Structure formats: C-alpha cells, structure tokens
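Each value in this text was obtained by applying a stated rule to the coordinates, not by laboratory testing. These numbers were taken from a predicted model, which means no experiment stands behind them. Note that each Cβ is placed from the backbone with ideal geometry, even for glycine, and that neighbours are counted across all protein chains shown.
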Amino acid sequence: MILIGAGGLATQLTDVIRRLHPAKPLAFFDNVTVRETGETKFGCRILTNWDEFSAELPEHGNEVVMALASLKAKMGFHDLLAAKGIECSTIIAQTALIGSQNVSIGTGSVILEHCIIESNVIIGRMCLVNTSSKLFHDTQIGDFCEIAPNSSVLGKCTIGNNVFIGANATILPGIIIGDHVVIGAGSIVTKNVESGTRVKGNPAKSF
C-alpha cells in the first residue's frame, strides 16, 4: 500500500494501517519535499517521482491511500491519479465506531482512531474524519471534506463539498453548510453557513 504524502497525516495512517494489515508492505510517495536518495520513513521507502511510483505500484497491489491534509494538494493528486486510472482506498480505523444502519463512506475517505459515525450518515469521496470526531445521525457530508480532531457534527446536518471543519468545532443540529467553507477551530456553528464563507467563534461569524 502506497501512502500519498509523508507528513503528519501519513504518520497517523501508518499506525492505523499497520493495525488493520500487519503484514502489508508500505511505501510513501512525496515528490514535493527535497529528500536524500534512499530516504525512508518508519523503515519504508519514500518514492520521490512518478517513475518510482509507477514501478512500485504493482508490488503494492495497486493500493493507494491519500495521506495529504492540504485540500488543494489532495484534489490535485486525486486528479493526477484518476488520469492514470488509480482509485484511492478507503481506510476505517479499528477503533472507529460505525453505526449499524445505512452508513455510506465514499471511495478514498479516511476515518481515523476513536471516531463515532452514527446510523444514517453519508460521507462523500476523499474525506478525512480525524481522530475522535463525531458525526451524529442523519447527517450528510459532501466530497473532499476534512473534519479535524475532536469535532462534532450533530444530527440532521448537511455539509457541502470542500469544507474544512477545524479542531474542537461543534455544528449544531440541522445546520446546512455550503461548499468551500472554512470553520475555525473551537467554533460553535449555530446557523446555516453560505458557500465560500469563512467563520469562527462562539457563535461562529464570518471573518
């Protein structure tokens, strides 16, 4: 399995994947950071160009996991991979609690340790639900969203595409959030948020 990225999120994912698949070989792909030839991470090879990536991919069963936190970088790499016919794998940590009824998690999304996803929740493609976050019942999350650690999206919320929810934020029940929205860390969102808006605070306001 090749992780796209070799930073902090890749570190988190390494722990998750090794618990899920202890015998599965790992490698990292980072063609942005300047690195020494043969550099490794946790004893695993770091691939630094597309030729190395293409040569190594069959040895990893063509399995790729997105490990980039930057939304812009994630979308760019997703498009490059899609052009090569490569689809990212979905990863759900063993300690995540997933509802028993009508939960849908889109292709390439990552659910990290100790998250709670209740029943009747839909998560789109290429999302990241980070450590100890909670998505309550009857909530819908769009594509390419990131929910930072310890955040809560309460019941019957609708979150658009390309939304970032900062650490320790709370979205109150029934809230509708548009596309391309940024919600600051620690915010309490008490009313709907229009597309293209940045909000923060308690209650959350535009900034």
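Numbers at a glance
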read-out: For the range 129-143, 3J(HN,Hα) per residue [Karplus equation, 6.51 cos²θ - 1.76 cosθ + 1.60, θ = phi - 60°, Hz, x = Gly/Pro]; value: 10, 7, 3, 6, 7, 10, 10, 8, 3, 6, 10, 10, 10, x, 7
read-out: Nearest-0.05 FRET efficiency for Q101 and E56, computed from C-beta distance (R0 45 Å); value: 0.70
read-out: Percent antiparallel among DSSP beta bridges (both partners in the range 1-141, rounded to 5); value: 10
read-out: Residue order, fewest to most surrounding Cβ atoms within 10 angstrom, among V163, V16; value: V16, V163
read-out: Per DSSP, loop chymotrypsin sites (Phe, Trp or Tyr not before Pro) in the range 1-110 with at most 15 further Cβ within 10 Å; value: F42
read-out: Mean residue ellipticity (222 nm) of the chain, computed from DSSP H runs ≥ 4 via -39,500 (n - 2.57), nearest 500; value: -5000 deg cm²/dmol
read-out: ³J(HN,Hα), Karplus 6.51/-1.76/1.60, whole Hz, each residue of the range 11-17, x for Gly, Pro; value: 4, 4, 5, 4, 4, 4, 5
read-out: L128 long-range amide H proximity, modeled H, under 5 Å; value: V110, C145, E146, I147
read-out: Cut-off under 5 Å, modelled amide H: who pairs with T190 long-range; value: A204
read-out: Residue-by-residue Karplus 3J(HN,Hα) for the range 193-207, coefficients 6.51, -1.76, 1.60, Hz, glycine and proline x; value: 10, 6, 4, x, 9, 10, 10, 7, x, 9, x, 5, 9, 4, 9
read-out: Contact order relative to length of the chain, as percent, for alpha carbon pairs under 8 angstrom and 6 or more apart; value: 11
read-out: Long-range amide H partners of T90 with built H, under 5 Å; value: G108
read-out: Contact order relative to length of the range 2-83, as percent, for alpha carbon pairs under 8 angstrom and 6 or more apart; value: 38
read-out: Rounded Å value of the spacing that divides the Cα centres of the range 145-207 and the range 5-56; value: 32
read-out: Option label - Rg and Dmax of the Cα atoms in Å computed here, alternatives [x] 41.0, 117; [y] 16.2, 48; [z] 17.3, 51; value: [z]
read-out: About the Cα centre, charge dipole magnitude for the range 61-207 (Lys/Arg +1, Asp/Glu -1 at Cβ), debye; value: 420
read-out: Set of lysines near K156 by C-alpha distance (under 30 Å), chain-local residues within fewer than 8 positions excluded; value: K72, K74, K134, K191, K200, K205
